[in-house]
Amino acid sequence: MNYEGQICRGPMERSSYMLPVAVGCSYNRCKFCTLFRHLKYRELPMEQIEAELARVRNLGGNPMRVFLGDGNAFGLDTDRLLKITDLIHRYFPDCSAINMDATVTNIQAKSQEELQALRAAGVCHLYLGIESGLDDVLRRMGKDHNLDQAYRQIDRIQSAGFIFDAHIMTGIAGHGRGAENAAATAEFFNRTKPRRIINFSLFLFHSAPLYQEAQAKTFVPATELENLQEERLLLERLTAEEPLEYDGFHDRIEFRVRGTLPGDREKMLARLEQAIEQYRNQEPVIAIA
């Protein structure tokens, strides 16, 4: 596979075949993100996409799941996406799910008829960077949506038959606001009912605009202890009745908690409590590269 940039996809897509359809992110303005800052966004030629599909098929590949990269593939025009899904089914007849990242405004730009056509073409899971359940945090982080928009657009994709998966970031509200953010984010998910939640706990890289704000002390990062406590409260408050997969990463302290709610809740909470006790009496750790 010819790939330009850093491969980034949720852990639930680790067994999917990743098909690049664009380079970079068409939005690329979130203050915490550095994944695509060095790239100029562009859509890949259809000839290149088809050549990649042919290469994999000629090697004997016939994946059941395909993940479209990069940043927010759902932002491609519907006609283009439908041409890509048609190619995928032509080259991989056993493919039953085509998944990708999306933004709330990607969805807003598509009519209900377009959404239904994409779902009928095999597009299944859409991963949305929700990040936080607090509107002021979304504004500060440069997200392209507010909570009301998110509620409306998630309802639209669910009505069309898509599965909503979510990315969040504990610590994104900053020092002292973890409990508030956990409660608001849990309320958001209790209403929208995602199938999966992936928590990429906030990690500040030097090239991120948010790092510059931290240096200027206009944003005070939460400690990893605070992030663990926020995550514990989030898991306590999620009222999932249907199975909800959860995977939480803390790269700075190399901690990870994962499982399926509601069945694994107590096991995950116990693991978090163990980590909280470990860091409670240590010097504060802040996730900065």
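The values are calculated or read from the model by the stated rules, or taken from the named source; none is laboratory data. Just so you know, these numbers come straight off a predicted model, no measurement behind them. Methodologically, a virtual Cβ is constructed for each residue, glycine included, from the backbone with ideal geometry; neighbour enumeration extends over all protein chains shown.
Things worth noting here:
- Some residue of region 191-203 being assigned to a helix (DSSP H, G or I) and not hydroxyl-bearing (Ser, Thr, Tyr): yes
- Restricting attention to region 137-151, the residues being surrounded by fewer than 18 Cβ atoms within 10 Å (Cβ to Cβ), at pLDDT 95 or above and under 29 Å from Ser16 (Cα atoms) number 1.
- Residue check, Leu128 in the same structural domain as Val66 (by TED's automatic domain parsing), buried (at least 23 other Cβ atoms within 10 Å of the Cβ) and either under 30 Å from Glu213 (Cα atoms) or out of contact with any Phe, Trp or Tyr (no Cβ under 7 Å at 6 or more places or on another chain) (or both): yes
- Here Leu134 clears all of (1) under 23 Å from Leu238 (Cβ atoms); (2) in contact with a helix residue (DSSP H, G or I) (Cβ under 6 Å, 6 or more places away or on another chain); (3) buried (at least 23 other Cβ atoms within 10 Å of the Cβ) except the condition numbered (3).
- The set of residues from region 270-289 being surrounded by fewer than 16 Cβ atoms within 10 Å (Cβ to Cβ) and touching an Asp or Glu at 6+ places or on another chain (Cβ under 7 Å) comprises just one member, Val285.
- Residue ID - farthest from the chain's Cα centre (by Cα), chosen from residues in region 229-266 that are polar (S, T, N, Q) and over 19 Å from Arg280 (Cβ atoms): Thr239
- Residue pairs whose Cβ atoms lie under 6 Å apart, sitting 6 or more positions apart in sequence or on different chains, and linking a residue in region 251-276 that is of a type in the set (Phe, Trp, Tyr) to a partner that is surrounded by 16 or more Cβ atoms within 10 Å (Cβ to Cβ), are Phe255/Ala275.
- Selection within region 64-94 - surrounded by 19 or more Cβ atoms within 10 Å (Cβ to Cβ), over 21 Å from the mean Cα position of the chain (by Cα) and either free of Cβ contacts under 8 Å to residues at least 24 places away in the same chain or part of a loop (DSSP other than H, G, I, E, B) (or both): Phe92
- Residue in region 45-54 that is part of a loop (DSSP other than H, G, I, E, B), out of contact with any Leu (no Cβ under 7 Å at 6 or more places or on another chain) and among the acidic types (Asp, Glu) present: no
- Within region 204-228, tally of residues that are of a type outside the set (Ser, Thr, Tyr), buried (at least 16 other Cβ atoms within 10 Å of the Cβ) and in a loop (DSSP other than H, G, I, E, B): 4
- Selection of region 46-80 for residues being polar (S, T, N, Q), closer than 24 Å to Gly24 by Cβ and out of contact with any strand residue (DSSP E or B) (no Cβ under 7 Å at 6 or more places or on another chain) yields Gln48, Thr78.
- Matching residues, region 95-143, being assigned to a loop (DSSP other than H, G, I, E, B) and under 21 Å from Gly161 (Cβ atoms): Cys95, Ser96, Thr103, Ala109, Lys110, Ser111, Ala121, Gly122
- Number of residues in region 254-277 that are at pLDDT 95 or above, over 12 Å from Glu231 (Cβ atoms) and either outside any strand (DSSP E or B) or among the basic types (Lys, Arg) (or both) equals 9.
- So Leu53, is it surrounded by 18 or more Cβ atoms within 10 Å (Cβ to Cβ), farther than 26 Å from Ile130 by Cβ and out of contact with any Asp or Glu (no Cβ under 6 Å at 6 or more places or on another chain): yes
- Near pairs, Cβ below 7 angstrom, 6+ apart or cross-chain, from region 106-117 (free of Cβ contacts under 8 Å to residues at least 40 places away in the same chain) to any residue that is assigned to a helix (DSSP H, G or I): Asn106/Phe74; Asn106/Gly75; Lys110/Thr78; Glu114/Thr78; Ala117/Thr78; Ala117/Leu82
- Thr170 surrounded by fewer than 17 Cβ atoms within 10 Å (Cβ to Cβ), among the hydroxyl-bearing types (Ser, Thr, Tyr) and part of a loop (DSSP other than H, G, I, E, B): no
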